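Working notes, structure below.
The values are calculated or read from the model by the stated rules, or taken from the named source; none is laboratory data. As the structure is a computational prediction, the values presented were derived from the model and not from experiment. Ideal geometry is used to build each Cβ from the backbone, glycine not excepted, and the neighbour counts take in all protein chains shown. Areas reflect the complete protein model, heavy atoms only, side chains present, ligands, DNA and RNA absent. Shrake-Rupley method; radii C 1.70, N 1.55, O 1.52, S 1.80 Å.
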Amino acid sequence: MTQTATDGTSDGSAGTLEERRHGEVDRPSSALAKFQNDPLPLDAGIALPTWQIAYQTYGTLNDTRSNAVLLCHALTGDQHAANRHPVTGRPGWWDNLVGPGRPVDTDVFFVICANVLGGCSGTTGPASIDPTTGHPYGLTMPVVTVADMVRAQHRLIERLGIERLFAVVGGSMGGMQVLEWGATYGKKVFAALPIATGTRHSSQNIAFHEVGRQAVMADPDWRGGRYLDEGTKPKKGLSVARMAAHITYVSEAALHRKFGRALQDREVVTYGFDADFQIESYLRHQGSTFVDRFDANSYLYLTRAMDYFDLAAEHDGLVANAFRGSETRWCVVSFTSDWLFPTTESRRIVHALNAAGADVSFVEIETDKGHDAFLLEEPEFHRAVRGFLTGAARAHGIAPPAPAPAPAP
Amino acid sequence: MNVAQHIPAARRVDYEVIRELVEPGSRILDVGCGDGALMTMLQEWHGVRASGIELSQKGVNDAVARGLSVVQGDADTDLDAYPDNAFDYVILSQTLQATRDPKRVLENLLRIGERSIVSFPNFGYWRLRLQLLVHGQMPRTGLLPDPWWSTSNIHFCTIRDFVALCDDMDVDLLRSIALNTSGQRIPLNAPWWFWNLFGEQAVFLLHR
């Protein structure tokens, strides 16, 4: 939520940014696993014959290959969890949690983070070039699901020669992937940490996503999804989508604390529709920086994947069925002020895991920072992650994370 | 369910008794586990696989930070989700009197565990009776230090009350142990009235 250096850049440098972003779609600066004529079956009933997945790694895989941690990113995240972003130059989105001596300690774990299927940062998605046509997929890309994302990640893990992951960790849409990993590849996951997530997208969540998608599709520059071929970009639509979504990531209390009714660079209201209030200016900024780093069609596909997620529906109407016989150690985390994935949703996960007889911890973190809290500096949250991974690492017979540094006096 | 936390672990003489009742290597659920002190001890003593439920967020966070499997939850509402016979032992240590519906909680304990271990302060203990008789005020002891207006204990019972409820629920008392103030056991051959008068707390191993 911090303001970035890209604020107020001239059109010329924004073009450079745009070129860098485009470059990352098919030829990412990250490591790349290519699957040529090695089809990936999708829930939509078809398969992607040729596809690729881009990923970052941190730390070293141990001799027994038992210290691998997979991070699953959220809707608008990417594989750059703990390194400087190649397009924006900003620090990794989970820099405060992942790194040497951090709770996800890269001194002892081999951490992998891959861009999701349907994303726009190197893994095959609607902005990628369809090898059969030589043009971007656009809307000809099959709709992907959370299960498809996880299937792709599983193929990557196999290719990396990892039999079993020590842990899978993720928040929000990343948390859905963690649940899916536990449900589908439970035997390959020693510990699972789903954060600020749910077993399904609620009606309200789908509603917000639909507002975002309609904003993108209402932009004349979207061109029925063919904007890449036609050389346009639905900036306005995607920006509005991001503005609406951003409101759902923060709590009313946090917004009010940060902005209140403060005016933006003026003493009195202008009796017009300029951004009089700081909150308006802030949201506009959020929208405009987002379009610099994200693809509009990708946003449609990924929001759809979240909407379709329903673990109960995949398992005869009962979430507990998804975890039957689970030998994974689970730790579910929620945040008190998260109204997008409220604690009740996490409790539903916990009850299902209890009903399945799984080994589960559940921590609710007191914070007023809303859904985004999982990305922010939240000492209690970090303490829980460190503690859970420490207990799990001992049980798994690998080195635990470093002890927490003493709190500042 | 953080009643247990108010009492220093050193004073938790019921832990020693629970230690005896639990078979090594078993699977236990500690309901109202506080910061996980009993779970940790049982893991060290008996190599049990321990899970816990704790109401207070601080208790849960401390326990999880120590690497224990603990769920933030309420004995009154969150036991329903557990399947039958999921654990060898379900332990409710010094917590029964703080639940809203002790009978329903007991039903759940007996359903979830092959066996249940319940310990509670005996409200029939002579010092409590005497305090009430002489001072006419709600009694307070080392085991029950809080005044009436701040205690989480809302369903006090005596040993006799508890045994009557178990009888009513067709529960077998596999082991019954009453402890006096210094943590010593009251002899087995003593009659119930003696236990009810001189036991400051009681520990029961239950089965149905």
Return the pairs, sorted by first residue and then second, in which the second residue is crowded, with 24+ Cβ neighbours inside 10 Å, the first residue lies in segment B:34-45 and is farther than 12 Å from B:Val70 by Cβ, the beta carbons are less than 6 Å apart, and the residues are 6+ apart or on different chains.
-> B:Leu42/B:Ala50; B:Gln43/B:Ala50
Filter segment B:50-69 for residues that are more than 9 Å from chain A (Cβ to nearest Cβ) and in a loop (DSSP other than H, G, I, E, B); the one that is surrounded by the fewest Cβ atoms within 10 Å (Cβ to Cβ) is B:Ser56
Segment B:156-184: number of residues that are charged (D, E, K, R) and in contact (Cβ under 8 Å) with a residue 60 or more places away in the chain | 1
In the set B:Arg115, B:Arg104, B:Arg111, the lone residue that is part of a strand (DSSP E or B) and either loosely packed, with under 13 Cβ neighbours inside 10 Å or at pLDDT 95 or above (or both) is B:Arg115
Residue hits (segment A:211-243; surrounded by fewer than 23 Cβ atoms within 10 Å (Cβ to Cβ) and either assigned to a loop (DSSP other than H, G, I, E, B) or free of Cβ contacts under 8 Å to residues at least 24 places away in the same chain (or both)) are A:Gln214, A:Ala218, A:Asp219, A:Pro220, A:Asp221, A:Arg223, A:Arg226, A:Glu230, A:Gly231, A:Thr232, A:Lys233, A:Lys236
Segment B:34-49, subset under 24 Å from A:Phe381 (Cβ atoms) and open to solvent by 10 Å² or more (accessible area, probe 1.4 Å), residue farthest from the other protein chains (Cβ to nearest Cβ) = B:Ala37
Enumerated helices (runs of 4 or more DSSP H) restricted to segment A:299-409, each holding at least 1 residues that are polar (S, T, N, Q), at the interface with chain B (Cβ under 8 Å from one of its Cβ atoms) and closer than 22 Å to A:Ala191 by Cβ = A:343-355, A:379-396
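Go through segment A:128-152 and give me each residue that's part of a loop (DSSP other than H, G, I, E, B) and open to solvent by less than 10 Å² (accessible area, probe 1.4 Å).
A:Ser128, A:Met141, A:Val144
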If you go through segment B:149-156 one residue at a time, do you hit one that is more than 14 Å from chain A (Cβ to nearest Cβ) and of a type in the set (Val, Ile, Thr)?
-> yes
If you go through segment A:258-281 one residue at a time, do you hit one that is in contact (Cβ under 8 Å) with a residue 12 or more places away in the chain and β-branched (Val, Ile, Thr)?
-> yes
Of A:Gly170, A:Gly174, the only residue that is closer than 22 Å to A:Arg293 by Cα and touching a helix residue (DSSP H, G or I) at 6+ places or on another chain (Cβ under 7 Å) is A:Gly170
Please enumerate the residues belonging to segment B:70-84 that are under 15 Å from A:Thr343 (Cα atoms), open to solvent by 10 Å² or more (accessible area, probe 1.4 Å) and within 7 Å of chain A (Cβ to nearest Cβ).
-> B:Gln72
